[in-house]
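The numbers here are math on the coordinates, done by the rules we state, and not lab data. Note that the coordinates shown come from a computational prediction; the quantities given were computed from them, not determined experimentally. FYI the Cβ positions are ideal-geometry reconstructions off the backbone, even for glycines, and counts take in every protein chain you see.
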Amino acid sequence: MEKLRATSSLRRSLKSILNRQLSSVSEPRYLNGKRSCQPTFNLIRDHRNLGEANPILYRCFSSVSTVVQRNPSFSTLNPDDISYFKQLLGEKSVIQDEDRLETVNTDWMHKYKGSSKLLLQPRTTEEVAQILKYCNSRRLAVVPQGGNTGLVGGSVPVFDEVIVNLGSMNNIISFDKVSGILVCEAGCILENLISFLDNQGFIMPLDLGAKGSCQIGGNVSTNAGGLRLVRYGSLHGNVLGLEAVLANGDVLDMLGTLRKDNTGYDLKHLFVGSEGSLGIVTKVSILTPPKLSSENIAFLACRDYSSCQKLLMEAKRKLGEILSAFEFLDIQAMDLVLNHLDGVRNPLPATMHNFYVLIETTGSDESYDREKLEAFLLSSMEGGLISDGVIAQDINQASSFWRIREGVPEALMKAGAVYKYDLSLPVEKMYDLVDDMRTRLGDLARVIGYGHLGDGNLHLNVSAAQYDDRILEQIEPYVYEWTSKHRGSISAEHGLGLMKANKIYYSKSPETVKTMGSIKKLLDPNGILNPYKVLPHSLNS
Ligand SMILES: O=C(O)CC[C@@H](O)C(=O)O
Ligand SMILES: [Zn+2]
């Protein structure tokens, strides 16, 4: 009797949750995904870049340990080089204009800044091959660049490297509706691929906040994870083939479109996630899933981290195959979003909750999926895992939920200086690190925890008014040691770039790193491709 009464009141409260009309006014569809602050944002003026003044040393303010020496074996550009490139690519694709160079020399966060004097914009694989062949023979260092949305200083030069931007190679080559296999050039913007596939009744297996600017070649080169990985897996699984140009100009045609192919070593995987340090990815072939008709998004509040974790276990068990995203943010992240992003409202405004979880389901049967989600929410409320929640009633509400989660990095940028850590950790331990960091930092800075809970990926961000070495000393090496102790990864999905090249040993054994160094030497003996990144500096020159 007791239980029945409880259940019927729970049913009533769930009903009211489900039917709640959101008061939030929908944003202009955030799904254009542009990190809107990208072109103009310059709060972090404080970084010291000694690269320009002193070509020998680069010291990035955000990390005292990032002190790099320019590789003395690299040449510097001369007028003959410029003439060669102009002859090869045409005047318009050889850019020396200072304003344009300023943009491509600077990363999205305005934290890393190189001093390249040359931007090249090839239109074909053959042009990329000729560029690299020439640079290799002249020992000119090169930075491959896509949408330049990276967060670890991987896509901008450190010194005077030539920037090879793939943005002009943006053609879709083929799409097979039967198999769902898309073949395209590396410079295609992720959002354009998403729109193209939408018209065909398919979706990209990856989706991320930077979709409006990032390019698929950059996504593949950094093995970007994003918001759908919990459902569709990583790019190591979804990239069926690729074409890459080696440092000496050789073109590796691995652009297969087969689900199964066990003929020898699967070399394409070397280029997925090696951040342009082994070759430049010029084309990719990707397996894309069909677009399913029923999508639901719930925005939920949890009392504590343990409830979020239990909710994840329940979601996997009860939602099973329809679960397509499981994201979380803590109260500090929500507070930043509400304070720094225009027009964003909390869909659960009655009180601030310690944690928020965004769950998305995607399936093919509207009533079955909805029933499944409601049953899951009901039992989770009954079990005390959810303290409040709301289900989006239309696309605008769904977008406004996603805007909150995807807007966290933008809000952090607007709040001032930010130290970013992208960690894979056992889910049950993950938030202990956030609590530890709060204790360590006290009033020095704000600690924010959010990320892809469904993938065991924490985005630990430390926010302060300005960069300060006293803050950094409290964070590093503590965060890396903590992660290593729990057998986590110091780079879950953002790569190592310049920021963490020297930290690789926290996640990889010396023998493994040595083997990586041998592979690098084999494929790029002069070390011209994306130098100072990925591998420790001792192995990079
Ligand atoms: O800025 C970050 O720390 C995370 C960015 C991105 O990976 C995200 O999941 O929003
Ligand atoms: Zn992420």
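Annotations
- DSSP-loop chymotrypsin sites (Phe, Trp or Tyr not before Pro) across the range 236-316, with at most 11 other Cβ within 10 angstrom: 265
- C-alpha long axis of helix 2-19 to longest principal axis of the chain, angle in °: 50
- Fully extending the segment from residue 192 to residue 306 would add 37.2 nm, taking 0.36 nm per residue of separation and subtracting the current Cα-Cα distance.
- Residue 386 long-range amide H proximity, modeled H, under 5 Å: 381
- In a fully extended conformation the segment linking residue 174 and residue 134 would gain 11.3 nm over its present Cα-Cα distance, using 0.36 nm per residue.
- Inter-site label distance for residue 199 and residue 267 at 7 Å from Cα along Cβ, in nm: 3.5
- Helix 331-340 axis, angle to the chain major axis (alpha carbon atoms, nearest 10°): 70
- Helix 395-406 axis, angle to the chain major axis (alpha carbon atoms, nearest 10°): 60
- Candidate cross-link partners of residue 429 among the aspartates and glutamates, defined by an alpha-carbon separation under 17 Å and a same-chain spacing of 8 or more, comprise 304, 327, 330, 455, 481.
- Rounded to the nearest whole Hz, the Karplus-based 3J(HN,Hα) values (6.51 cos²θ - 1.76 cosθ + 1.60, θ = phi - 60°) of the range 87-100 follow the sequence 5, 6, 10, x, 3, 5, 9, 10, 10, 10, 5, 4, 5, 5, with x at glycine and proline.
- In order along the range 262-267, phi translates into HN-Hα couplings of 9, 8, x, 5, 8, 5 Hz, rounded to whole numbers, per the Karplus curve 6.51 cos²θ - 1.76 cosθ + 1.60 with θ = phi - 60° and x for Gly and Pro.
- Pairwise FRET efficiency - residue 86 versus residue 522, Cβ, R0 = 41 Å, nearest 0.05: 0.80
- Counting only lysines at least 8 places from residue 291 when in the same chain, those with an alpha carbon closer than 26 Å to its own are 34, 177, 211, 260, 283, 316, 318, 372.
- Taken along the Cα-to-beta-carbon direction at a fixed 7 Å, the label points for residue 253 and residue 366 span 4.7 nm.
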